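The values are calculated or read from the model by the stated rules, or taken from the named source; none is laboratory data. The model shown is predicted, which means the values in this text are computed figures rather than measured ones. Don't worry about glycine lacking a Cβ; one is built from the backbone with ideal geometry, like all the others, and counts go over all protein chains shown. These accessible areas exclude ligands, DNA and RNA; they are computed on the full protein's heavy atoms, side chains included. Shrake-Rupley method; radii C 1.70, N 1.55, O 1.52, S 1.80 Å.
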Amino acid sequence: MGGTVISIGMGHHHSCAALDNGLVKCTGRNNEGALGVGHTSTRYEWTTVQGITTGVLPYGFGQNGLKDGPGGYHMCAQEVGTESSPGQFKCWGHNNYGQLGDGTSSNRNSPVVVNVGGTVIQSCMGFYFTCVRLTGGNVEGTVKCFGRNNNHQMADGTTSTRYVPQTVNVGCQAALLTCAGYSISVYCTDGRI
C-alpha cells in the first residue's frame with residue numbers, strides 16, 4: 001500500500017484506508033465515484049484518492065480518519081491542517097440528495113471541498129445524508145447536516161433536501177454524534193441525549 005494504515009472506512013461495495021504518509025487509498029466498486037480516484041471504473045487494487053495528500057484527522061468510524069456509513073456510496077474526510085491553515089472537509093461519491101454538501105446533486109468522482117464553517121472533529125452518515133460536529137472557538141459543539149431530509153433528519157420542521165450544510169438545533173453543545181438509517185443522535189456535553 002505504500003504506508004502504514006492508520007484508519008479504514010467501508011461502504012457497500014468499496015473500502016478505503018488512510019495511510020501514515022498522508023495518502024488515502026480505496027478499492028472496489030466505483031459506479032458512483034465512491035473511490036475518489038477521478039473516474040468511475042471499478043478498481044481491484046488500492047488506488048490513491050485524488051486531492052488528499054496531507055492526511056486525515058482521527059475521527060469518524062468509531063473515531064477513525066475516514067467516514068462512510070449506511071448510505072454506502074459516499075465518503076468524507078477531514079484533512080490534517082495547521083494552526084494557521086486548517087485542513088478542509090472533503091466528500092466524494094454518490095450525491096443524489098446533496099449528501100456531499102457541495103450545493104449540487106451531481107456525483108463526484110474526486111473529493112470536493114465542503115464549506116462547513118469550521119473544522120470537523122467528527123462526522124457520520126446515514127441514508128443519503130451527512131452530519132458533522134465542529135470544533136474550535138464559537139462553533140465548538142455545533143452540528144451541521146446536509147442531504148436527504150425526508151424523515152426530518154435536519155430537525156428544521158421540513159422534509160426539504162439540503163444541498164449545503166445547515167446548522168441543526170440540537171439544544172446543546174454536542175460532545176458526540178452518530179447517524180443510523182434516517183436519524184441522528186447527539187450526546188450533549190451536559191449529559192443529555
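Quick note on the chain: its Rg to Rh ratio, both from C-alpha atoms and Rh being the Kirkwood radius, is 0.95.
Inter-part distance, the stretch 120-193 to the stretch 71-92, computed on C-alpha centroids, equals 16 Å. The residues neighbouring Val164, those whose beta-carbon lies less than 14 Å from its own, together hold a net charge of +1 under the Lys/Arg +1, Asp/Glu -1 convention.
Heavy-atom accessible area with a 1.4 Å probe sorts Thr82, Thr27, largest first, into Thr82, Thr27. Residue ranges 170-177, 74-81, 116-123 sort as 74-81, 116-123, 170-177 when ordered by packing (mean number of other C-beta atoms within 10 Å per residue, highest first).
Placing pseudo-labels 7 Å out from each Cα toward the beta carbon at Glu45 and Cys188 gives an inter-label distance of 5.3 nm.
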